[in-house]
């Protein structure tokens, strides 16, 4: 079968259904010819195998993996008969569990369903009701088609005449090892009273309990009679025998046949693979599946294809069996939507609950407006029309009482209700009575758009639509609603939620809706557009209609409009388009924008306004903030709290809000969020709402404190959304919020954004408040700190000097605000390289606070910490170590392990230890800080990166170069991702990384990176800035290592000259650059210059550093080496 024929769909006349893959494999082995695959529409999720058995063209279908049972079988057969409308009958072929006893049934035998003792051949033994007298089976199943029963008689006659071809057909599959009988193992039957022992095989079972049976000549016997079908595997011999006795003797148990008999006229053929007892295993399944398939082939071989061609189709047969019922009526207001795609899970769920398992008679599908509920109901109605043609289908748009009357009028006319005799009776009551009566037959009633609680359920003064809905054992009702509470009132717990389409469904729907299919060739932009439309069917349909109308517009053009001004977005969401599968303005509705996305929700907004005004107020507020991750704590308070909960519940019930698990955090649909904005603008309340939102968030947004960080982080996106608009530009609360947000951003390491917000706050307060107003000075002070983080050192110094001057003029010496600003100015001086000024001012602040505050007061400790840091910069390492050890000890006593202030002081103490030559101590302390910060801070948080940077530098000092490189490369990569190219912190990490590259011998890498750092700092920093000089110093050393001695000398002479002008004689940085210059003088052969400079350095270091300090020792050793190079073994005079 190398080349396969492709037949037309109408040429297939036999449907063959299998439950599991091994049954399908056996069926395929019985095909005399396999045909090419035929594509079928998106409503059918089955995968079919097509072929020929004798003269019959057969459709093979298998249940989805893991989905056995009556319901699944019914679903697959329904789809098969809908896709292959010319199929005359079906065969359900596969394995079953035998019932030994009355018949000598052996493993590998075959059972064929045949009417017996009043049964049709198949009994659903677990379907019925519980009564006081016990379980009562209800319902009946149809008999197999007469043509199949005639074929069974002929096959039986052939077997009697020993003309059976069963063994011949079984032999066709002997090339497959699993289909060989000998590979199935022994056929063992245990006594009914004996249960299986252990797990798996029967090796632990008592062989004495095996039933002794006489050998049989024939390998395969075919038995005819009743098959018991149920939704559970039968694996208990006692129950097996009891049910068999109750039903007058059954031959086997299985799990699918009952799902087919009434909806898919067929014959059931089962190969016996076990005995329906606890000893059940899968060893015999392949061979038994094969014997059943061989029997099915033999049956088809005795049925003439001409007789099959003359027979009724499956659907005609079903209609014929329903002739005693009234002919089905169809009152569906729309044609089938040929653009409908997907939603297979929802549709299958509806079928299972209503038609297969018959779990309920009323069910509701609930979801956001525009999510596609009406389209799902419409597609379901047409699938019911095809799969269950005996059902009438009626449709009620629950938009008004008038729409109900109009729909019921149509039903009355179609059903020829005798209106004249009931002239005084309300039409609604008349139709309700008719459909509630059995004479109306089976029906499905779709109640669409059941959204208005009062309209559906009525009020004290009037009845609701629900009062006129029929009740009947033969009737099913499907509601669609966007309001959960209505759905629960109508269908209780039988509710199916409809969500957004998945990407594949959305793309398919867009393709079917577009005229210009070539637009879809740009896959990336297509996906971008669908994401922007949030996979919402109505929004996709609206966008496609807009694109179809504007023929020169591309997806990119549409996206630009979607992301442009608020008015552009409003225009797009309000665009009305014609759609034959949706209600038009003249059909049940008065509004003219029924198909606009925005309009869909505006109706709900108006309903909420009437139903729960507090919920409407919350909705208005939320339109001004971000639509994702909305914490309950940011919402305007409603008292009592129960009313607040109810208001939020209303919004959730309309699917406008969705709660995240058990958290008090909610998400809003993005397009609903935009449409809410349209709604409040329509009511001319947007500006007032936005201003009130700014006032409220300004009040509830917490100040930047460690304990407030979790709340700050979740409120931050909402505050930024508010501040991104132009509303409330003259509100003082707006600039209080700017200040709070700026401080939060600074703590989060988003420095440039922090500067923007703090500048906004400062500028407004500068314009509107007096120079010495506390709020103006507070904004001024906080802005300078952000400037320092952002590397704008000069701006920070200038602004802080102004702040200090004003506060010194207006506040007492020990006033906390004055001391804070002096403390801030000292830090700025330090960053600006004005170390002497920094030390003097910081010592003053510490002196005042030590005089006025307790030893463990946070402000006193903070100023001591700051002074210790400045001492490090000034080279007063011993002082720094002593002061920082005191601060660390106090903070370890009073603060939590992960408190930022405790960690910051430990970090700087480690830096002091490293500067003091106590490298091991530094490494240990820094490893602790890094561990805590990696556990508590985001990967790109500045404080986490700063501690990793510090640890890498300590590793370098400790000779752990590989560790230092790994850590610094990580820091550099993260900072490259989150910081601007010239950001000081990014430059710092590159400078440190270059230093360890040089230590590791990667000189070329070091030089390249240092040249970049020097260029950046020369662009940004003053000539005498410590960081600029430090990077020039580092580059000079790298030049020396690279053999570029002249460049090294030129750069170091410049550094030394500047530092000798700006730093004290014994400053570590000044001495370090002099030491390095002496070293390159030596390399250049300028020995006398090297000796003079090194003697000066050694003298200064011997005066200021401990005897064992690494820097002191290094300079002494180098001086000795230079003496030796000069032939001197004694110091020169």
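The values are calculated or read from the model by the stated rules, or taken from the named source; none is laboratory data. Predicted model only: the values in this text are computed from it and were never measured. No Cβ is skipped: glycine too gets one built from the backbone with ideal geometry, and neighbour counts run over all protein chains shown.
Here are some residues: 527, 521, 474. Which one is touching a strand residue (DSSP E or B) at 6+ places or on another chain (Cβ under 8 Å) and either farther than 20 Å from residue 369 by Cβ or crowded, with 17+ Cβ neighbours inside 10 Å (or both)? Explain how you work it out, then say what you get.
Details: 527 fails: touching a strand residue (DSSP E or B) at 6+ places or on another chain (Cβ under 8 Å); 521 fails: touching a strand residue (DSSP E or B) at 6+ places or on another chain (Cβ under 8 Å).
Residue meeting the stated conditions: 474.
I'd like to know if the range 193-213 contains one or more residues that are in a strand (DSSP E or B), surrounded by 14 or more Cβ atoms within 10 Å (Cβ to Cβ), touching a helix residue (DSSP H, G or I) at 6+ places or on another chain (Cβ under 6 Å) and in the same structural domain as residue 115 (by TED's automatic domain parsing). Spell out how you get there, then give the answer.
Step one: list which residues in the range 193-213 are in a strand (DSSP E or B), which gives 210.
So of that shortlist, the ones also surrounded by 14 or more Cβ atoms within 10 Å (Cβ to Cβ) come out as 210.
Now narrow it down to the ones that are touching a helix residue (DSSP H, G or I) at 6+ places or on another chain (Cβ under 6 Å): none.
For the range 193-213, residues in a strand (DSSP E or B), surrounded by 14 or more Cβ atoms within 10 Å (Cβ to Cβ), touching a helix residue (DSSP H, G or I) at 6+ places or on another chain (Cβ under 6 Å) and in the same structural domain as residue 115 (by TED's automatic domain parsing): absent.
Out of the residues in the range 1051-1072 that are assigned to a helix (DSSP H, G or I) and touching a residue at least 40 places away in the same chain (Cβ under 8 Å), state the one that is farthest from residue 1002 (Cα to Cα).
So, considering only residues that are assigned to a helix (DSSP H, G or I) and touching a residue at least 40 places away in the same chain (Cβ under 8 Å), the one farthest from residue 1002 (Cα to Cα) is 1062.
Return yes when residue 662 is over 21 Å from residue 633 (Cβ atoms) and in a loop (DSSP other than H, G, I, E, B) and no when it is not. First the steps, then the outcome.
Details: over 21 Å from residue 633 (Cβ atoms): no; in a loop (DSSP other than H, G, I, E, B): yes.
Here the answer is no, as residue 662 does not meet what is asked.
Of all the residues that make up the range 505-546, how many are closer than 20 Å to residue 367 by Cα and touching a residue at least 24 places away in the same chain (Cβ under 8 Å)?
So the first thing to find is which residues in the range 505-546 are closer than 20 Å to residue 367 by Cα, and the list is 505-506, 509, 530-542.
Among the residues that remain, those that are also touching a residue at least 24 places away in the same chain (Cβ under 8 Å) are: 505-506, 509, 530, 532-542.
Here the count works out to 15.
Yes or no: the range 477-489 includes at least one residue that is crowded, with 22+ Cβ neighbours inside 10 Å and more than 31 Å from the chain's Cα centre (by Cα). Before you say what the answer is, go through the steps one by one.
Keep residues of the range 477-489 that are crowded, with 22+ Cβ neighbours inside 10 Å, which gives 477-483, 486-487.
Imposing the further condition that a residue be more than 31 Å from the chain's Cα centre (by Cα) reduces the set to 477.
Yes: the range 477-489 contains one or more residues that are crowded, with 22+ Cβ neighbours inside 10 Å and more than 31 Å from the chain's Cα centre (by Cα).
Write out, first by first residue and then by second, each pair whose Cβ atoms fall under 6 Å of each other, whose residues are 6+ apart or on separate chains, and whose first residue, in the range 669-684, is under 15 Å from residue 534 (Cβ atoms) and not assigned by TED's automatic domain parsing to the domain that holds residue 369 while the second is modelled with pLDDT of 75 or more and in a helix (DSSP H, G or I).
Correct list of pairs: 671/539; 676/619.
Taking residue 683 as the residue in question, decide whether it is within 17 Å of residue 630 (Cα to Cα) and either modelled with pLDDT of 90 or more or out of contact with any strand residue (DSSP E or B) (no Cβ under 7 Å at 6 or more places or on another chain) (or both).
Values: within 17 Å of residue 630 (Cα to Cα): no; either modelled with pLDDT of 90 or more or out of contact with any strand residue (DSSP E or B) (no Cβ under 7 Å at 6 or more places or on another chain) (or both): yes.
Criteria not met by residue 683.
Being modelled with pLDDT of 90 or more and surrounded by 22 or more Cβ atoms within 10 Å (Cβ to Cβ) is the requirement here; does residue 27 meet it? Spell out the reasoning first.
On the way: modelled with pLDDT of 90 or more: yes; surrounded by 22 or more Cβ atoms within 10 Å (Cβ to Cβ): yes.
Judged against the criteria, residue 27 is a match.
Between 734, 746, 767, which is within 20 Å of residue 624 (Cα to Cα) and part of a helix (DSSP H, G or I)? Full working, then the answer.
On the way: 746 fails: within 20 Å of residue 624 (Cα to Cα); 767 fails: within 20 Å of residue 624 (Cα to Cα).
Sole residue among the options that is within 20 Å of residue 624 (Cα to Cα) and part of a helix (DSSP H, G or I): 734.
Residue 925 versus (1) touching a residue at least 40 places away in the same chain (Cβ under 8 Å); (2) part of a helix (DSSP H, G or I): which is the lone unmet condition?
If we test residue 925 against (1) touching a residue at least 40 places away in the same chain (Cβ under 8 Å); (2) part of a helix (DSSP H, G or I), just (1) comes out false.
Does residue 910 satisfy being under 46 Å from the mean Cα position of the chain (by Cα) and either surrounded by fewer than 24 Cβ atoms within 10 Å (Cβ to Cβ) or without any contact (Cβ under 8 Å) to a residue 24 or more places away in the chain (or both)? Break it down stepwise before answering.
Working: under 46 Å from the mean Cα position of the chain (by Cα): yes; either surrounded by fewer than 24 Cβ atoms within 10 Å (Cβ to Cβ) or without any contact (Cβ under 8 Å) to a residue 24 or more places away in the chain (or both): no.
So residue 910 does not fit the description; no.
Only one of 946, 994 is over 32 Å from the mean Cα position of the chain (by Cα) and surrounded by 23 or more Cβ atoms within 10 Å (Cβ to Cβ); which? Write out each step before concluding.
Numbers: 946 fails: surrounded by 23 or more Cβ atoms within 10 Å (Cβ to Cβ).
Of 946, 994, the one residue that is over 32 Å from the mean Cα position of the chain (by Cα) and surrounded by 23 or more Cβ atoms within 10 Å (Cβ to Cβ) is 994.
Can you find a residue that is assigned to a helix (DSSP H, G or I) and within 53 Å of the chain's Cα centre (by Cα) anywhere in the range 141-158? Steps first, answer last, please.
Narrowing the range 141-158 to residues assigned to a helix (DSSP H, G or I): 146-158.
From what is left, the residues that are within 53 Å of the chain's Cα centre (by Cα) are 148.
Scanning the range 141-158, I find at least one residue that is assigned to a helix (DSSP H, G or I) and within 53 Å of the chain's Cα centre (by Cα), so the answer is yes.
Need the failing condition index for residue 1080 against (1) in a loop (DSSP other than H, G, I, E, B); (2) surrounded by 21 or more Cβ atoms within 10 Å (Cβ to Cβ), just the number.
All conditions pass for residue 1080, except number (1).
Yes or no: the range 705-714 includes at least one residue that is in a helix (DSSP H, G or I) and either assigned by TED's automatic domain parsing to the domain that holds residue 368 or out of contact with any helix residue (DSSP H, G or I) (no Cβ under 9 Å at 6 or more places or on another chain) (or both). Full working, then the answer.
Residues of the range 705-714 in a helix (DSSP H, G or I): 706-714.
Then keep just the ones that are either assigned by TED's automatic domain parsing to the domain that holds residue 368 or out of contact with any helix residue (DSSP H, G or I) (no Cβ under 9 Å at 6 or more places or on another chain) (or both); that gives 707, 710.
Yes; the residues of the range 705-714 include at least one that is in a helix (DSSP H, G or I) and either assigned by TED's automatic domain parsing to the domain that holds residue 368 or out of contact with any helix residue (DSSP H, G or I) (no Cβ under 9 Å at 6 or more places or on another chain) (or both).
Looking at residue 527 and the list (1) more than 21 Å from residue 453 (Cα to Cα); (2) part of a helix (DSSP H, G or I); (3) at pLDDT below 85, which single condition is not satisfied?
Against the list (1) more than 21 Å from residue 453 (Cα to Cα); (2) part of a helix (DSSP H, G or I); (3) at pLDDT below 85, residue 527 comes up short only on (3).
With in contact with a strand residue (DSSP E or B) (Cβ under 9 Å, 6 or more places away or on another chain) and modelled with pLDDT of 85 or more as the only criterion, which of 97, 54, 128 stands out?
Numbers: 54 fails: in contact with a strand residue (DSSP E or B) (Cβ under 9 Å, 6 or more places away or on another chain); 128 fails: modelled with pLDDT of 85 or more.
That would be 97, the only listed residue that is in contact with a strand residue (DSSP E or B) (Cβ under 9 Å, 6 or more places away or on another chain) and modelled with pLDDT of 85 or more.
Taking the range 30-80 as the region of interest, how many residues are surrounded by 15 or more Cβ atoms within 10 Å (Cβ to Cβ) and not in a loop (DSSP other than H, G, I, E, B)?
Looking only at that region, the number is 25.
Here are 714, 685, 694, 678: which of them is more than 22 Å from residue 649 (Cα to Cα) and surrounded by fewer than 17 Cβ atoms within 10 Å (Cβ to Cβ)?
Numbers: 714 fails: more than 22 Å from residue 649 (Cα to Cα); 694 fails: surrounded by fewer than 17 Cβ atoms within 10 Å (Cβ to Cβ); 678 fails: surrounded by fewer than 17 Cβ atoms within 10 Å (Cβ to Cβ).
Being more than 22 Å from residue 649 (Cα to Cα) and surrounded by fewer than 17 Cβ atoms within 10 Å (Cβ to Cβ) holds for just one of 714, 685, 694, 678, which is 685.
How many of the residues making up the range 717-731 are over 12 Å from residue 695 (Cα atoms), in a loop (DSSP other than H, G, I, E, B) and in contact with a helix residue (DSSP H, G or I) (Cβ under 8 Å, 6 or more places away or on another chain)?
1
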